[in-house]
């Protein structure tokens, strides 16, 4: 966006926002499920029990989706950095 590449910037921001919202939504859903279990008395208010439940909830297909979303967010961030650096260098060469 700073380099006036609005389409590129918008696409990167949209992709990053989408993956980040997926990560936050899933984390919030899991946290609320754990809070419900604590409120109903299914699990004790114990840091070890809660930690075990959080660890167990990040396995399987849902854990894979979270890993893929996190990786996609990181790749998007890296692409944005590399593209900005490349475009900045190209502009400096043309202005020199």
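None of the figures in this text is laboratory data; all of them are computed from the coordinates on show. None of these values were measured; they are calculated from a predicted model. In this analysis, Cβ positions are derived from the backbone assuming ideal geometry, glycine residues included, and neighbour counts consider all displayed protein chains.
Given the peptides 5-14, 18-27, arrange them by the average over their residues of other C-beta atoms within 10 Å, most packed first.
On the way: 5-14: 12.9, 18-27: 14.6.
In descending order of packing, they fall as 18-27, 5-14.
Length gained on full extension, residue 50 to residue 83: 7.7 nm, using 0.36 nm per residue less the C-alpha separation.
As a proxy for reagent exposure, 81, 43, 34 were ordered by neighbouring Cβ count within 10 angstrom, fewest first; the result is 81, 43, 34. Where [x] 14, 31, 22, 16, 11, 5, 1; [y] 14, 23, 19, 15, 12, 8, 5, 3, 2, 0; [z] 17, 46, 26, 9, 2 are the candidate values, the label of the one calculated here for P(r) over Cα pairs in 10 Å bins from 0, in percent is [x]. The length gained on full extension between residue 91 and residue 28, counted as 0.36 nm times the residue separation minus their Cα-Cα distance, comes to 18.4 nm.
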